[in-house]
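Notes for the one structure printed next.
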Amino acid sequence: MTAIQLNAALHRELSYIVTDDTMMERALKSLRKIRRERKAEQNQEDAARQVAAGLRQAFKEFKQVQEGNLEARPINDLFDELRD
């Protein structure tokens, strides 16, 4: 279904319950739940992208260290940074 068709179907279904406050409240509650779930999914996707980008950068720097193009930092400096 296209977005226009979905929108029309949603409005059609809502028109059947528009006079029933209880049903409208249930529909609204369900839509809000769907929106919250989608936002949580997006947050997880964003976090996964950030982790992947960090790992790519770490491997790139590791390769540069192995090739001698970048100087490695002492492990204690890294631990100190993680504690801060």
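The values are calculated or read from the model by the stated rules, or taken from the named source; none is laboratory data. Computed from a predicted model, the values in this text were never measured in an experiment. Glycine also receives a Cβ, built like all others from the backbone with ideal geometry; neighbour counts cover every protein chain displayed.
If you go through segment 5-30 and keep only what is outside any helix (DSSP H, G or I) and not charged (D, E, K, R), you end up with 18, 19. Contact annotation: no residue pair with Cβ atoms under 7 Å, 6 or more positions apart or on different chains, pairs a residue in segment 55-84 that is β-branched (Val, Ile, Thr) with a partner that is assigned to a helix (DSSP H, G or I) and surrounded by 10 or more Cβ atoms within 10 Å (Cβ to Cβ).
Taken over segment 48-81, the residue count meeting the criterion of being exposed (fewer than 10 other Cβ atoms within 10 Å of the Cβ), assigned to a loop (DSSP other than H, G, I, E, B) and either at pLDDT 90 or above or among the small types (Gly, Ala, Ser) (or both) is 3.
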